[in-house]
């Protein structure tokens, strides 16, 4: 009889322990569900904030590059920046748009337009970054433009250099038209495999 009572007491203790353990698991489950709900809400807020930021960036970059294209080309493409999700990451598509048709800047739009878009993208990065150095070094930025568009491109670069914040361009070019808009001109000549740099006086 004593043995039976002992077994019953053990079983009762096990049952009490099981109920207590079950209660602990219920508390943990409720806590984790609350955390999961908080994380889900945080994810939704983060996604909305990302979408707003991407939308603002898209408008600002598109505006800057489209304005640069319009300054050089009489019938310009509109520049479009579109953020898309691919392979669980956010990527940025850069496109030219005209008459509702979109295409890659290098696909069939001519390298002149791509050169101007590239220059303007660097200016946009400088303007939006806030910490970027106020100097841009450009190597033949108008090389793919026809001669008649050199004047407009040169005027655009000159105007960009007057933007608030003091953006300075250091340009390597063979274009006399582009050089004529510079504040200072330096000529580099190679003599006996040695480069010689001399400042050229601008004619007024």
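Annotations
- For segment 116-140 versus segment 157-204, the gap between their alpha-carbon centres in whole angstrom: 17
- Extent along the principal axes, Cα only, for segment 133-204: 41, 30, 26 Å, with the longest axis given first.
- Given their separation in residues at 0.36 nm each and the Cα-Cα distance between them, residue 143 and residue 180 gain 11.8 nm when the chain is fully extended.
- Segments 54-61, 96-103 sorted - mean Cβ within 10 Å per residue, highest first: 54-61, 96-103
- Cα-based Rg of segment 37-166 normalised by 2.2 N^0.38 Å, two decimals: 1.22
- Protection proxy ranking for 185-192, 167-174, 133-140, using the average of other Cβ atoms within 10 Å per residue and placing the highest first: 167-174, 133-140, 185-192.
Rule-based calculations on the coordinates, nothing more; no lab input. Note that this is a predicted model, so its numbers are computed, not measured. We place every Cβ from the backbone using ideal geometry, glycine too, and count neighbours over all the protein chains shown.
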